[in-house]
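Student: Sharing a structure, written as structure tokens. Questions coming.
The values are calculated or read from the model by the stated rules, or taken from the named source; none is laboratory data. The structure displayed is predicted, hence computed values, not measured ones. With ideal geometry, Cβ positions are generated from the backbone for all residues, glycine too; neighbour counts draw on all protein chains shown. Just so you know, the surface numbers come from the protein's heavy atoms only, side chains and all, with ligands and any DNA or RNA stripped out. Shrake-Rupley method; radii C 1.70, N 1.55, O 1.52, S 1.80 Å.
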Amino acid sequence: MKKMYGYIRVSTREQNEERQVIAMREFGIPDACMVIDKQSGKDFNRPGYQRLMKKLKPEDTLVIKSIDRLGRNYDEILEQWRILTKEKRVDIVVLDMPLLDTRSGRDLTLIADIVLQLLSYVAQTEREFIRQRQREGIEIARANGVHLGRKAMERPENYEEVKTSWENGEVSLRGAAERLGISHST
């Protein structure tokens, strides 16, 4: 029996997947057949996606909102598309790109294949731009003296005394940490 599944992905836990959920419902995907991942699209090692791959049977349909929801790595998107359509014999519907709907026939037309490659490339390029903008932002912040990361801890008043005791082998690392009122890993 043919089933339809919706795959939804957002990059972080803070992002809202509701826009994609609504699109899936409007397409007729029941909530029980929606799989949601809150993880980067850099690769396909996502728990929801892996579970979905095990569920998919020949002639099932996988629905995604846009190609970048599937992933952001050009080669991996093309490989997953091949696995889904050729090995698993699953149909794919990309809601934002009706040309990428394999339900009408097993073979994608030449133009659809080109569109898939183009969109996959764009998805990967966007990921690279995001990382570049992030690096640039970090560099600018550092150049402006902004401290990134966790705030430095104030040293306890007895730090030098405890440090000397530890260096002289008079106290263990855990003992020194206990005397300073911090964890031994700190």
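Student: Under the rule of at least 5 residues apart or a separate chain, name every residue whose amide H is placed under 5 Å from the amide H of Arg9.
Tutor: Asp37
Student: What is the angle, in °, between the Cα long axis of helix 18-27 and the longest principal axis of the Cα atoms in the chain? Nearest 10 is fine, range 0 to 90.
Tutor: 20 degrees
Student: Accessible area of Lys163, 1.4 Å probe, to the nearest 10 Å²?
Tutor: Looks like 80 Å² after rounding.
Student: While we're looking at this one, here's another question. Taking a 1.4 Å probe, which of Lys65, Lys54 shows the most accessible area, and what order do the others take after it? Don't jump to the answer; show the numbers that get you there.
Tutor: Working: Lys65 35, Lys54 160 Å².
Sorted descending by solvent-accessible area, the residues read Lys54, Lys65.
Student: Still on this structure, I have one more. If Rh is defined by the Kirkwood formula over all Cα pairs and Rg also comes from Cα, what ratio Rg/Rh do you get for the chain?
Tutor: On the way: Rg = 25.1 Å, Rh = 20.1 Å.
So for the chain, dividing Rg by the Kirkwood Rh gives 1.25.
Student: Given a 1.4 Å probe and the protein chains all in place, what does the accessible area of Trp81 round to, in Å² to the nearest 10?
Tutor: Estimated to the nearest 10 Å², Trp81 gives 10 Å².
Student: Could you state the orientation-averaged shadow area of the convex hull built on the Cα atoms of segment 119-172, in nm² to one decimal? Present the calculation step by step, with values, prior to reporting the outcome.
Tutor: Numbers: hull surface 28.8 nm².
One quarter of the hull surface, i.e. the mean projection, equals 7.2 nm².
Student: I would also like to ask the following. Treating the angle as unsigned and between 0 and 90°, give the value, to the nearest 10°, between the Cα long axis of helix 110-143 and the longest Cα principal axis of the chain.
Tutor: 20 degrees
Student: In the neighborhood of Asp43, defined by Cβ-to-Cβ distances under 10 Å, what is the net charge if each Lys or Arg adds +1 and each Asp or Glu adds -1?
Tutor: Values: positive: Lys42, Arg46, Arg72; negative: Glu76.
Neighbour charge sum, excluding Asp43 itself: +2.
Student: First obtain the Kirkwood hydrodynamic radius of segment 77-186 from its Cα pairs, then insert it into the Stokes-Einstein equation at 20 °C and 1.002 mPa s, and state the resulting D in µm² per second as a whole number. Walk me through the numbers on the way to the answer.
Tutor: Details: Rh = 19.9 Å.
Translational diffusion coefficient: 108 µm²/s.
Student: Something else now. Could you tell me what percent of the accessible area of the chain is made up of carbon and sulfur, with a 1.4 Å probe and every protein chain present? Before the final figure, lay out each step's value.
Tutor: On the way: 6120 of 12130 Å².
Of all accessible area on the chain, carbon and sulfur atoms account for 50 percent.
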